[in-house]
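Input: a single structure, listed below in structure tokens.
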Amino acid sequence: GEDVEQSLFLSVREGDSSVINCTYTDSSSTYLYWYKQEPGAGLQLLTYIFSNMDMKQDQRLTVLLNKKDKHLSLRIADTQTGDSAIYFCAGGGYNKLIFGAGTRLAVHP
Amino acid sequence: DAGVTQSPTHLIKTRGQHVTLRCSPISGHKSVSWYQQVLGQGPQFIFQYYEKEERGRGNFPDRFSARQFPNYSSELNVNALLLGDSALYLCASSSPGGRNNEQFFGPGTRLTVL
């Protein structure tokens, strides 16, 4: 069945780059998404990539997609304390999203 | 424009009771989806409704039901509550054919079952 896997925890120093990884099994997803969830809050769409793209850059965010290995990554440049949150990758479309368990990003001085 | 709104924000129930959660989509959005997020996990898809019809259902028992009204708002009902139903329930609205098929999420309703 459909499955999305992520590493659970990442700790980085403020100012460094963060890389959050995700693997997925469903290759039929038209888009792949990265969502951010802060404590006690809902989900905020950070960025997305169309399934026929390899890379997308959006200010401090870079998404890489390796379709052969079904691997998706999110790079956050110049990570700030405000980036501390849980990051979810998700595949699917407007009718149904399949989420990973989330990666908790901790940013320390 | 207002985003997706959900009510109530928090709710405490006891086992065996039933609960109704409400969601108002973004104006102009005709599709509403419901997700359950258990603590420490990612959201899991429960239902999707479009134009008042069920268009998708996740792997949840029949105790879970939903409906969509003519104004596109939606209710999620859960009967015979179990302790394991304690979770954050998220509603998302979308517009078919919209930009990157994006789903816009509300802040959620946190349900605690005692």
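The values are calculated or read from the model by the stated rules, or taken from the named source; none is laboratory data. Since we're looking at a predicted model, the values are computed, not measured. Positions of Cβ are backbone-derived with ideal geometry, glycine not excepted, and every protein chain shown enters the neighbour counts. For the accessible areas, the whole protein counts, side chains as well, though only heavy atoms, and no ligand, DNA or RNA atoms are used. Shrake-Rupley method; radii C 1.70, N 1.55, O 1.52, S 1.80 Å.
Using only the Cα atoms of chain A, what semi-axes does the equivalent ellipsoid have when each is the square root of 5 times a gyration tensor eigenvalue? Give whole Å, largest first.
22, 15, 12
Under a Cβ-only charge scheme (Lys and Arg +1, Asp and Glu -1), can you give me the dipole magnitude of the protein assembly as shown about the Cα centre, in debye to the nearest 20?
With Lys and Arg at +1 and Asp and Glu at -1, about 340 debye.
Over all Cα pairs of chain B, how is the pair count split among 5 Å bins, expressed in % and running from 0 up to the last occupied bin?
Taking all Cα pairs of chain B, the binned fractions are 2, 13, 24, 26, 19, 10, 4, 1, 0 percent.
Taking 2.2 N^0.38 Å as the expected size of a compact globular protein, what ratio does the Cα radius of gyration of the protein assembly as shown give against it, to two decimals?
Here the answer is 1.02, to two decimals.
Region B:49-114: Rg/Rh from Cα coordinates, Kirkwood Rh?
With Rh from the inverse mean 1/r over Cα pairs, Rg/Rh is 0.99.
Restricting to Cα atoms and excluding each atom paired with itself, what does the Kirkwood estimate give for region A:51-109 in Å?
Result for region A:51-109 stands at 13.1 Å.
Output the Kirkwood hydrodynamic radius of region A:27-80, Cα pairs only, in Å rounded to one decimal.
12.1 Å
Can you give me the % of accessible surface on chain B that is carbon or sulfur? Probe 1.4 Å, all protein chains present, nothing else counted.
48 percent
Please work out the average accessible area per residue across the protein assembly as shown, using the 1.4 Å probe convention, and give it in Å².
Here the residues of the protein assembly as shown average 48 Å² of exposed surface.
Taking the Cα centre of region A:22-88 as origin, work out the dipole magnitude from +1 charges on Lys and Arg Cβ and -1 charges on Asp and Glu Cβ, in debye rounded to 20.
Computed charge dipole of region A:22-88: roughly 160 debye.
Using only the alpha carbons of region A:1-45, what is the convex hull's orientation-averaged projected area in square nanometres?
Seen from a random direction, the Cα hull of region A:1-45 projects 4.6 nm² on average.
Let me know the Kirkwood hydrodynamic radius for region B:24-74, please, with Cα pairs as the basis and the value in Å to one decimal.
Kirkwood hydrodynamic radius for region B:24-74: 11.6 Å.
For the charge dipole of the protein assembly as shown, defined by +1 on Lys and Arg C-beta atoms and -1 on Asp and Glu C-beta atoms about the Cα centroid, which residue among A:N21, A:L61, B:P107 has the Cα displaced farthest towards the positive pole?
B:P107
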